[in-house]
Amino acid sequence: MILFDRVSKIYASQNRPALDAVSLEIEKGEFIFLVGPSGSGKSTFLRLVLREERPTSGQVWVAGKELSKLSNWKIPGLRRQIGTVFQDFRLLPNKTVAENVAFALEVIGKPKSHIKRVVPEVLEVVGLEGKELRRPDELSGGEQQRVAIARAFVNRPMILIADEPTGNLDPGTSADIMKLLDRINQLGTTVVMSTHDSNIVDQMRRRVIELDGGHLVRDQSRGVYGYAQ
Amino acid sequence: MRATFVASEVSSGLRRNLTMTLAVIITVAVSLGLFGASMLVRAQVTTMKDFWYDKVEVSIFLCSKGSDTPSCSGEAVTQAQRDQIKSDLESLRPLVQEIFYESKADAYARFQEQFKNSPIADNVSQGALPESFRVKLSDPTSYEVVASAFAGRPGIEQVNDQRQILDKFFRLLGGLQLIALLIALSMLVVTVLLIVNTMRVAAFSRRRETGIMRLVGASNFYIQLPFLLEAAFSAGVGAVLAIFGLIVTKAVVIDQILAPSFQFTSFVGWDAVFAIAPLMFVVGILLAGLSAFFTLRKYLRV
Ligand SMILES: Nc1ncnc2c1ncn2[C@@H]1O[C@H](COP(=O)(O)OP(=O)(O)OP(=O)(O)O)[C@@H](O)[C@H]1O
Ligand SMILES: [Mg+2]
């Protein structure tokens, strides 16, 4: 599903690589934790999957396509197959919960009848039924992140990318969000999630990929957060 | 493509940035209005040239007794000279289209008729006006041929081309039209700069939306379309205002004010207005659309 082949990324303003010759493969249906200290290259890794950045060297393959060979007008098609969730939710403050989710479908030209059908469905999956008409500022942080997940998942993407999705949430709410991401993973979506939250990683016991200073230092199935704890 | 969704995005975009929208509309209206006006002046010059060049003549004034031009040597033209000039003119056909002979008496009568209500008519005596040949040319621009053949010949006091007087006048009008066009062009440049800036502000103030659109895989076309339509809409409204101004100019300023006061010439017709109006509209929309398109390419990248 995702294949990195000796991928390096050096940002124009930097001389130290943000990613240094990283090679790994992620299979369809896996749940991946991406861990490592701040600045180790986790967000860079995720942005490369989305083709928001291009590698300085090496190849990134997503869903059978080598991204550097993907022409510009095909990038939207790639991103329709990838859902994204961020620490800061990225909701539109002047739209309701239902409108925020519908927005993702409207802007890719889905018909109204389709939107009317799938938006309530996905809001039920994330447990927001009854809150369709609230605005983001009338929701708790956890609920806002559920809206963001609903928006990322409404297209039933093959891959869900989550960059520190629980970074702004308290432990209890984080656990709920993790249950939701686990459920989405069970529905067949590959989930790649970066996090600093050791409790979550230790509880879930999924594959852990650790980066440090741009190097891949650990790739462990059913791993824990810290190395030698 | 969801038309209602795009339409609601466009209208909310326009309202959110109302002052900018108004600024764009007004600038487009003013610059296109000037552009239209300069085109109208141009059409007017063409109309007047057609009208006047058709009427102008070359006048060959013959010597009267006491003329101090060297070719006259103080004597009136003789019959032999007069006949010679006439037959030489005839030999210049077909360039020379028509020849009228105007005697001193004819000249006096015409003068009295032309200045009937003016005191100068009384101050001119019977013999004071020279006799002349009035020549109409098939090609008014070939005046030089006639001038070089007749100027300075014995019995001819002066060869006069009305067209030269008109040309001065048309050069003046042409200059005015050029100035109007230059002002219009600089206003159009201002318009482009304003639209570029408006698009930048709009793209910046909606970076949250466009960022989400990019992430969920909206195409560039879909992301940029609302912005392009907003620019085109403002430009369209501005163009309609400018065209309205042009129509008012034709209906009121030209037809009601200028035409009655200057009956000796003709003015541009509605056909000119109907030719200029679509041009203004197209120029306005293209200008806005292209400047928006190139700005957005820079600010809303995939
Ligand atoms: N757009 C950019 N331009 C230049 N340098 C960048 C850019 N983005 C990231 N970097 C640098 O690349 C390195 C890796 O950054 P990255 O954001 O991938 O780290 P991270 O693991 O996500 O960190 P965190 O846990 O704090 O989110 C850092 O040294 C960072 O300063
Ligand atoms: Mg990060």
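The values are calculated or read from the model by the stated rules, or taken from the named source; none is laboratory data. Since we're looking at a predicted model, the values are computed, not measured. A quick note on method: Cβ atoms are made from the backbone with ideal geometry, for glycine too, and the neighbour counts reach across all protein chains shown. These accessible areas exclude ligands, DNA and RNA; they are computed on the full protein's heavy atoms, side chains included. Shrake-Rupley method; radii C 1.70, N 1.55, O 1.52, S 1.80 Å.
Go through the residues of the stretch B:215-231 one by one and say whether even a single one is among the small types (Gly, Ala, Ser), surrounded by 20 or more Cβ atoms within 10 Å (Cβ to Cβ) and within 33 Å of the chain's Cα centre (by Cα). Within the stretch B:215-231, one or more residues are among the small types (Gly, Ala, Ser), surrounded by 20 or more Cβ atoms within 10 Å (Cβ to Cβ) and within 33 Å of the chain's Cα centre (by Cα).
Candidates in the stretch A:189-207 are the residues that are hydrophobic (A, V, I, L, M, F, W, C) and over 15 Å from the mean Cα position of the chain (by Cα); of these, the one that is farthest from ligand 1 (Cβ to nearest atom) is A:204.
So which residues in the stretch A:190-229 are basic (Lys, Arg) and either part of a loop (DSSP other than H, G, I, E, B) or within 16 Å of ligand 2 (Cβ to nearest atom) (or both)? Correct list: A:205, A:206, A:222. Just one residue in the set B:95, B:129 is farther than 30 Å from residue B:38 by Cβ, touching a Lys or Arg at 6+ places or on another chain (Cβ under 7 Å), open to solvent by 30 Å² or more (accessible area, probe 1.4 Å) and not β-branched (Val, Ile, Thr); that residue is B:129. Does residue A:8 satisfy being touching a Lys or Arg at 6+ places or on another chain (Cβ under 8 Å), in contact (Cβ under 8 Å) with a residue 40 or more places away in the chain and open to solvent by 10 Å² or more (accessible area, probe 1.4 Å)? Spelling it out, it is not the case that residue A:8 is touching a Lys or Arg at 6+ places or on another chain (Cβ under 8 Å), in contact (Cβ under 8 Å) with a residue 40 or more places away in the chain and open to solvent by 10 Å² or more (accessible area, probe 1.4 Å). For the condition within 16 Å of ligand 1 (Cβ to nearest atom) and at pLDDT below 95, residue A:217 qualifies. Considered as a group, the residues in the stretch A:15-63 that are away from ligand 2 (no atom under 13 Å from the Cβ) and within 10 Å of residue A:214 (Cβ to Cβ) include one that is surrounded by the fewest Cβ atoms within 10 Å (Cβ to Cβ), and that residue is A:16. On the stretch given as the stretch B:35-56, residues that are over 10 Å from the mean Cα position of the chain (by Cα) and either at positive phi or open to solvent by 40 Å² or more (accessible area, probe 1.4 Å) (or both) total 7.
When residues in the stretch B:186-221 are screened for being among the small types (Gly, Ala, Ser) and within 14 Å of chain A (Cβ to nearest Cβ), 5 of them pass.
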